[in-house]
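Computed from the coordinates by the stated procedures, all read-outs in this text should not be read as laboratory data. Just so it is clear, the structure is predicted and the values come from calculations on it, not from any experiment. Glycine gets a Cβ as well: all are built from the backbone with ideal geometry, and neighbour counts include every protein chain shown.
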Amino acid sequence: MLYPIATLGSDTLNAVRALEKEIGSPVVALAALDTDTATLPKEDLRKLQVLENELGIVLVAVRSN
């Protein structure tokens, strides 16, 4: 299971913003994505990690359906 940033409709976004104001803290909305990570050969994993470092982001390889 992965949890990317959720896409929010206006009502949902307003509810999250109201909660942020009430608790005085930013809130990040995530959505559940039912998938499994891919098992990569060592060389492919190294390539993924190199690109992560270059871009300053986290990359996750997932199994294709």
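Before moving on, here are some points about what is shown:
- Applied to the stretch 32-38, the Karplus parametrisation 6.51 cos²θ - 1.76 cosθ + 1.60 on θ = phi - 60° returns per-residue 3J(HN,Hα) values of 6, 10, 7, 8, 10, 6, 7 Hz, with x for Gly and Pro.
- Global form of the chain, assessed from the alpha-carbon gyration tensor, a/c cut-off 1.5: prolate
- The label point for Leu33 and the one for Leu13, both projected 7 Å from the Cα toward the Cβ, are 2.0 nm apart.
- Table column - 3J(HN,Hα) (Hz), the stretch 42-50, Karplus curve with 6.51, -1.76, 1.60, x for Gly and Pro: 3, 5, 5, 4, 4, 4, 4, 5, 4
- Interchain or long-range residues, amide H under 5 Å from Ala6's placed H: Ala29, Leu30, Ala31
- Förster radius 30 Å - calculated FRET efficiency between Ala6 and Glu43 (Cβ-Cβ, nearest 0.05): 0.30
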